[in-house]
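What follows is a single structure, written as structure tokens, with notes after it.
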Amino acid sequence: MKVLELNNVHKVYNTTHVEVHAVNGVDLDFEEGEFAAIVGPSGSGKTTLLNMIGGLDTPSEGKIEVNSTDLSTLKSSAVIDFRMRNIGFVFQSYNLIPVLTAKENVEFIMNLQKWPKKKRDERTMELLKAVGLGERAHSKPSQLSGGQQQRVAVARALASKPKFVLADEPTANLDSKSTETLLDIMEKLNRDENITFIFSTHDARVVKKARRVITLEDGKVVSDETRDK
Amino acid sequence: MITKTAWKNIWRNKTRSLVVIASVTIGIFAGVFAVGVMNGAIDQRVDEVLENEVSHVQITHKDFRSNNDLGSYITGVNSIVENISSMEGVNAVTSRLHLVGMANTARKSAGVKIIGIKPMQEKKLLSLHQELMDGTGDYFEEERGELAYIGYDLAKNLNIIRYRITGDVISKLDSAGLPGEVISAITGFKGSRFDNEKSFKKEMRSLLTSEQESGFGRLILEEAQTFRKRAKFTLTFVDRNNNQTGGVFRVGGIYDIPNSMFESTMVFVRDSRLRSITEMPDNTAHNILISLDDVDDAGTMTEKLRKEYPDLEVMNWKEIQPDMAMMSEMAGAMYGFFMALILAALAFGIVNTMLMVVLERIKELGMLTAIGMNKKKVFRMIMTESVFLSLVGGIAGMIVSWIIIRITSSTGIRFSSMQEGFEAMGFSSHIYPSIGADFFLVVTVLIIITGILSSVYPALKALKLDPADALRTE
């Protein structure tokens with residue numbers, strides 16, 4: 001089942017003197033449960049593409065459909081709501097709220113969705129246990145390592161049971177061991193809960209784990225390789 | 001969750017938040033305390049007007065207030081007093097004679113208003129008898145007709161009060177803790193007599209430094225003053241036939257109130273004595289004073305008496321002293337405006353802090369929008385942080401103000417160096433700050449409004465952030 005469809009997507013930034021074609025006619029489909037990596041050199045358009053898929057940015061041309069919904073037809077407030085219910089985000093620099101505990105960070109989005117407390121607590125602890133941080137639920141980000149913070153970020157991304165998770169360079173700030181642990185956790189969640197993961201990455205370790213690798217260069221897809229694992 | 005996060009957010013940068021909170025605390029304390037002092041001064045002045053000067057309602061002859069003519073008197077006073085006394089809500093009633101004349105001693109004279117009173121009745125309405133200065137006599141305890149009750153300032157103006165440094169005065173000042181150099185300086189003019197305050201002060205200035213004088217001058221002056229008990233003076237005026245007349249009086253007692261104009265002009269003598277000198281007919285008076293059980297009924301009682309006595313002029317204290325009434329009625333608005341000005345100044349500090357908060361958290365705000373926090377909630381979070389900052393400081397400021405006002409409302413605050421200025425305007429220089437609970441409620445609302453208004457600009461800045469750009473921020 002297709003969860004995401006990109007048709008002839010372009011993104012042009014108008015700087016003072018020149019037009020920059022960050023994404024240049026991308027056509028891609030993603031099926032439910034994919035574990036895909038978008039790779040490419042810096043400036044190839046990976047983050048821009050991810051931002052457009054997540055509705056943080058709008059294409060200059062073309063169409064992106066998430067679960068058959070064309071994001072460009074939604075009002076900005078509806079896009080935010082759509083994102084909250086359908087898309088999870090994991091960022092390179094974790095971006096946890098420093099004043100909240102791991103548990104509070106994870107349940108933040110469920111609070112926004114007004115989940116009942118009991119249900120919220122159950123889901124939060126389930127996720128923290130899934131990322132191996134059940135014992136650190138009441139630790140603040142400053143009391144956690146980079147790898148642990150990124151695992152909290154993954155738990156947060158999955159909190160509202162999204163259709164897919166977009167992860168922008170999730171391992172860029174992590175050491176090998178943390179990267180390995182994180183990738184194992186995401187792979188397990190992908191397999192167990194059938195959640196689609198799409199990464200933008202430079203990291204060979206991520207690429208190695210991915211079942212599909214899309215390579216971008218100058219805003220264009222130059223290869224799209226699916227592996228059997 | 002947003003409220004909880006906002007509360008935690010304000011403690012991210014403790015130093016910065018505490019600086020803002022401290023500035024709000026100090027600002028609120030300064031404002032509330034200043035309002036407490038102003039309110040206390042106005043309340044005391046209104047009490048002074050009601051209890052010593054005017055009472056609640058007065059009745060006069062229609063022409064009396066405009067011409068002050070001895071002939072503009074009310075007739076049938078006894079029945080009017082009896083009738084009003086029997087009315088519901090009336091505490092006490094008395095009648096007075098009024099004359100304008102001169103008070104004279106051998107050395108000085110002064111223009112005065114001579115009021116003929118019935119002392120026992122007056123005591124039921126007013127508290128002037130309680131303002132008697134220690135050691136100056138009494139309030140008409142003797143039946144002698146020549147006794148007069150005069151103000152402290154008039155006594156000084158007529159040289160009835162004199163100044164002398166005696167051994168007794170020096171030992172009193174010594175035991176009051178005056179520094180040795182001040183004691184030895186004033187010992188220099190031990191035994192000298194001074195007819196008036198001016199010459200005493202001149203001598204004191206030559207012996208003391210300006211700091212010593214400003215610190216201890218008033219105490220020395222008060223200890224050095226001597227009264228000539230039952231001192232003689234004459235009152236001269238015209239009688240009802242326009243003949244110059246007068247009489248010899250003795251100072252029965254001296255009153256001291258925080259209104260130098262009243263003190264220097266109002267001389268009280270027995271009604272019977274004044275009536276006999278002026279040949280005023282019995283059962284007449286120039287005005288009738290009425291005190292009520294509740295001062296708030298003054299307006300309705302005035303209307304009632306106007307209907308009852310259409311040929312006479314009936315006025316309540318607010319009409320007799322419109323300046324005080326206006327001050328009392330406008331006080332609330334004035335205090336609100338004063339606090340709004342202080343809060344407006346504080347608001348700029350809060351805006352500045354909240355702008356820094358938004359600029360520092362651009363990436364985080366971008367993340368919050370990315371994970372699904374809508375603009376309304378982002379706005380609410382920034383606004384809540386701003387309101388918390390204002391409220392914490394505001395509540396701290398109000399607690400400090402409440403404690404200080406509670407303490408000073410029983411001890412009072414003395415503005416000794418400004419005493420003359422205060423009393424010239426009719427205000428006491430010993431002020432007991434006071435403030436109603438409702439004012440704290442108004443201030444709380446103003447603080448919340450300040451917090452909300454201060455957050456608008458920073459919150460709008462936050463709303464304008466593009467999440468993709470914000471997430472790219474380092």
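Descriptive notes on the structure:
- Being within 14 Å of another protein chain (Cβ to nearest Cβ) and at negative phi holds for only one residue in B:I395, B:I362, and it is B:I362.
- Among the residues of segment B:1-53, those identified as in a helix (DSSP H, G or I) and of a type in the set (D, E, K, R) are B:K4, B:K8, B:K14, B:R16, B:D43, B:R45, B:D47, B:E48, B:E51, B:E53.
- Set side by side, the residues A:N24, A:N111, A:N14, A:N8 differ, and just one is on the phi > 0 side of the Ramachandran plot, of a type outside the set (A, V, I, L, M, F, W, C) and more than 15 Å from the chain's Cα centre (by Cα), which is A:N8.
- Exclusive hit being buried (at least 18 other Cβ atoms within 10 Å of the Cβ), at pLDDT 90 or above and among the small types (G, A, S), set B:G76, B:G89, B:G116, B:G111: B:G116
- All of (1) within 8 Å of another protein chain (Cβ to nearest Cβ); (2) more than 20 Å from A:K188 (Cα to Cα); (3) among the hydrophobic types (A, V, I, L, M, F, W, C); (4) within 19 Å of the chain's Cα centre (by Cα) hold for A:F91 with one exception: (2).
- Selection status of A:L112, in contact with a Leu (Cβ under 8 Å, 6 or more places away or on another chain) and within 14 Å of another protein chain (Cβ to nearest Cβ): no
For every residue, the table says whether it meets (1) touching a Lys or Arg at 6+ places or on another chain (Cβ under 6 Å); (2) hydroxyl-bearing (S, T, Y); (3) in contact (Cβ under 8 Å) with a residue 12 or more places away in the chain; (4) within 10 Å of chain B (Cβ to nearest Cβ).
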residue: A:E61; (1), (2), (3), (4): no, no, yes, no
residue: A:N95; (1), (2), (3), (4): no, no, yes, yes
residue: A:E107; (1), (2), (3), (4): yes, no, yes, yes
residue: A:K117; (1), (2), (3), (4): no, no, no, no
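- Residue within segment B:92-107 that is among the β-branched types (V, I, T), under 27 Å from the mean Cα position of the chain (by Cα), under 22 Å from B:R275 (Cα atoms) and surrounded by 14 or more Cβ atoms within 10 Å (Cβ to Cβ) present: yes
- If you check B:D153, B:D138, B:D134 for being assigned to a loop (DSSP other than H, G, I, E, B), out of contact with any strand residue (DSSP E or B) (no Cβ under 7 Å at 6 or more places or on another chain), in the same structural domain as B:L289 (by TED's automatic domain parsing) and acidic (D, E), only one passes: B:D134.
- For segment B:239-253, the set of residues classified as part of a strand (DSSP E or B) and under 15 Å from B:G116 (Cβ atoms) consists of B:T245, B:G246, B:G247, B:F249, B:G252, listed by residue number.
- Output for segment A:63-81, where each listed residue is facing another protein chain (nearest Cβ under 9 Å) and either more than 20 Å from B:N374 (Cβ to Cβ) or at pLDDT 85 or above (or both): A:I80, A:D81
- Counting only helices (runs of 4 or more DSSP H) that sit wholly inside segment B:365-467, those with at least 2 residues that are closer than 30 Å to A:G88 by Cβ are B:375-411, B:437-463.
- Qualifying residue in segment A:67-82 (condition: within 18 Å of the chain's Cα centre (by Cα), closer than 22 Å to A:L189 by Cβ, assigned to a helix (DSSP H, G or I) and free of Cβ contacts under 8 Å to residues at least 60 places away in the same chain): yes
The values are calculated or read from the model by the stated rules, or taken from the named source; none is laboratory data. A quick note: this is a predicted structure, and the numbers were derived from the prediction, not measured. In this analysis, Cβ positions are derived from the backbone assuming ideal geometry, glycine residues included, and neighbour counts consider all displayed protein chains.
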